[in-house]
Amino acid sequence: MLGLPKSTELNKPLPKTAIYTKFQMNAAEKAKIDADISRIVIVNEVSATKLNLAPGESVQAFFVLQVTLKHREFSEKTLITLSKLIPQNMVLLLECDGQAKLAIYHTKLLQTPWRDPAELTLTIKGLTMDAVWENVIVQVGNIRLQTGNTLDQQIAIDEQRAKLEKEIARLEKLAWAEKQPKKKFELVQRINILKKESRGVE
């Protein structure tokens with residue numbers, strides 16, 4: 001699965017009831033998970049011993065959880081809750097209606113687009129588990145690490161840039177529809193300031 005080494009494969013169902021019991025979840029939290037998720041299976045355990053790599057300082061292993069969703073319009077909060085509850089590094093392989101995507105929680109929820117399950121792969125890159133895990137996050141989040149930035153810095157920068165671009169698009173739509181020259185001019189000025197700010201985010 002995902003092109004990961006055969007030595008990492010598991011097929012261990014993770015009953016939702018076991019999660020509820022172990023983490024003493026309240027009725028509202030259980031209902032949210034039940035609303036989105038029908039089944040969870042641990043399909044891979046990627047560890048230093050199984051890959052014959054040096055252990056990391058903070059990462060010894062990560063798990064791939066196959067999560068069968070009830071519908072594609074799921075709540076991201078459900079996945080964030082699940083990721084925070086289980087004290088392991090996890091990649092979530094989300095499946096629904098014959099399509100699949102990868103998701104990972106690292107400071108925020110990172111996701112790939114939906115695609116054919118056969119097209120989803122994870123490449124193992126790095127000499128230690130720390131490096132391997134960082135590269136997995138980079139792959140799932142489609143992150144381009146700029147020189148001198150840590151992974152967390154790059155995620156924050158990308159998020160800031162995305163917010164600016166969203167705001168620019170919103171203002172451009174308003175400016176296009178605005179009939180009053182003065183208001184239109186003000187909107188265009190604001191857009192130019194935001195564009196300059198966006199170019200300076202690095």
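The values are calculated or read from the model by the stated rules, or taken from the named source; none is laboratory data. Just so you know, these numbers come straight off a predicted model, no measurement behind them. In this analysis, Cβ positions are derived from the backbone assuming ideal geometry, glycine residues included, and neighbour counts consider all displayed protein chains. Remember, those area values only see protein heavy atoms, side chains included, never the ligands or the DNA or RNA. Shrake-Rupley method; radii C 1.70, N 1.55, O 1.52, S 1.80 Å.
Loop-resident chymotrypsin sites (Phe, Trp or Tyr not before Pro) (DSSP state other than H, G, I, E or B) in region 1-77 with no more than 16 further Cβ atoms inside 10 Å of their Cβ: F23. For the chain, with the dipole built from +1 on Lys and Arg beta-carbon atoms and -1 on Asp and Glu ones, taken about the Cα centre, which of I19, L174, T112 lies farthest toward the positive end? Projecting each Cα onto the dipole axis, the largest value belongs to L174. When the trypsin sites (Lys or Arg not before Pro) in region 88-189 are filtered for DSSP coil states and for at most 10 other beta-carbon atoms within 10 Å of their beta-carbon, the remaining sites are R144, K179. For region 13-77, GluC sites (Glu not before Pro) meeting the loop criterion (DSSP other than H, G, I, E, B) and having at most 11 other Cβ atoms within 10 Å: E57, E73.
Return the carbon/sulfur percentage of the accessible area of region 25-174, one whole number, probe 1.4 Å, all protein chains in place. Don't skip to the answer; put the middle values down first.
Details: 3910 of 7940 Å².
The computed percentage sits at 49.
Here Kirkwood radius over Cα pairs in Å was calculated from the structure, and among (i) 16.9; (ii) 19.3; (iii) 18.4 it sits at label (ii). Between N52 and Q160, residue separation times 0.36 nm minus the direct Cα-Cα distance comes to 35.1 nm. Using a Gaussian network model of the chain in which every pair of alpha carbons under 10 angstrom is joined by a spring, one finds that among A31, A177, A156 the greatest mean-square fluctuation is at A177.
Just by accessible area at a 1.4 angstrom probe, what is the order of M129, M1 from largest to smallest?
My answer, sorted largest first, is M1, M129.
Here the chain carries DSSP beta bridges of which approximately 75% are antiparallel, counting only pairs with both residues inside. Among the listed pairs K77/K166; K30/K50; K50/K84; K50/K108; K6/K166, a Cα-Cα separation exceeding 32 Å is found for K30/K50; K6/K166.
Once you have a ≥ b ≥ c as the square roots of the Cα gyration tensor eigenvalues for region 117-202, tell me rounded if a/c is under 1.5, and otherwise prolate or oblate according to whether a/b is larger than b/c.
Details: a/c = 6.05, a/b = 2.54, b/c = 2.38.
In terms of gyration-tensor shape, prolate.
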